[in-house]
Every structure is written in structure tokens, then in C-alpha cells.
Amino acid sequence: MEMLSKDKSRSVLVTLYGAAKNEMGEMDEPIKLMTTGELTPAPGGYVLQYQESQTDEGDGSVMTQDIVLMMQPGRVSMTRLGDYGTSMVFVKDRRFEGAYRTPFGDMEMALYATQVNVNLGEDRGSVFLEYQLEFQGGYMSMHTMQLEYVASDKPC
């Protein structure tokens, strides 16, 4: 794994694809997001920070969340900041329990990662996650997430 010097961050172009299959086996609408982010070296891996925007189908409002990914070989930690926040840890064949925070109260959440493939470098990298998601103790859906980043500038 290539490493930037510890005091260097780099602007990157982030492409994210996400899909989910609900408990009835039906596919939800897939998500595709392209945005910019900041890649920073960290012990054993990299930290990737970016913003994720989603449009509410009900009223058309746009919700933006800050996302922080700590990526290491075989392990990804994701933190969503804001009103709808959570922290998740993905390690193959491991279960993680936590909470999904909303303005209306916290919900119990758990995930079980079936695939965690991480390929890291200072110029480009990718993360593939497949995981089962539960809310309030019940199976919700099976998710896949493919994230790729490519350096878009010289080190800062």
C-alpha cells in the first residue's frame, strides 16, 4: 500500500454505487453519487471525507451529510455526521451493533458484513462492501456498496 506523508491530504474524485434488496427480495432504487472528497493518510490506511446529498422524494428537499471513512485492509469504519448520524464497522463475517440517530430518537441497528474488499493507494483506491442490515432487531435488507476514488490534484 502506497502512503502519502502523514501531513499531506489530497483532493479526490469519489464515485459511489449502492444497491439494496429488501426482505421481500425486491431491489430498491440504486444510488449513484459522484462528488469530491479529501484523502488523508492514517496509521495502516487512509481516511476519506466527503459529502453525500440525497433528495427527499416527499418534499423535494435536499439533505447533505458529512461522511468519514477510515479504510484499512479488511476493515472499513464509516461515520455519518448530522441529524441522521451513525457509525458502522465492516469486517468480513463480523456483526456490528449500534444506533441510527434521527431527530425523532435513536433506532437500534446491526449489520453483518459478508464481503469487505479494500484496495488502497494514494492515487486511487476502491472499497466493496456487502452486508445485511437490521433495524430494531429485525432483518431489513441486503446492501452492496462500491466506492472508488481517484486523485484529482497534487498533494496539498
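Any read-out appearing in this document is the output of simple, stated calculations on the displayed coordinates, not a laboratory observation. It should be emphasised that the depicted structure is a prediction, and the values quoted were computed from it without experimental measurement. Please note: Cβ atoms are built from the backbone with ideal geometry, for glycine as well, and neighbour counts cover all protein chains shown.
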- Item | Net charge, Met145 excluded, C-beta distance under 12 Å - Lys, Arg +1, Asp, Glu -1 | -2
- Task: Counting only C-alpha contacts under 8 Å and six or more residues apart, can you give the relative contact order of the chain as a whole percent?
- Result: 24 percent
- Tail fraction, Cα-Cα pairs, the chain, threshold 22 Å, whole percent: 43 percent
- So if R0 is 30 Å, what FRET efficiency would Asn117 and Gln51 give, r being the distance between their Cβ atoms, rounded to the nearest 0.05? 0.80
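Lysine pairs in the chain with Cα distance under 29 Å, only those 8 or more apart or on different chains: how many are there?
8
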- Most mobile listed residue (Glu26, Glu108, Glu52) in the chain, GNM with C-alpha springs under 10 Å: Glu26
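If we count every other residue with Cβ under 14 angstrom of Ala20's Cβ, Lys/Arg +1 and Asp/Glu -1, where does the sum land?
That sum, taken over residues with Cβ under 14 Å, equals -4.
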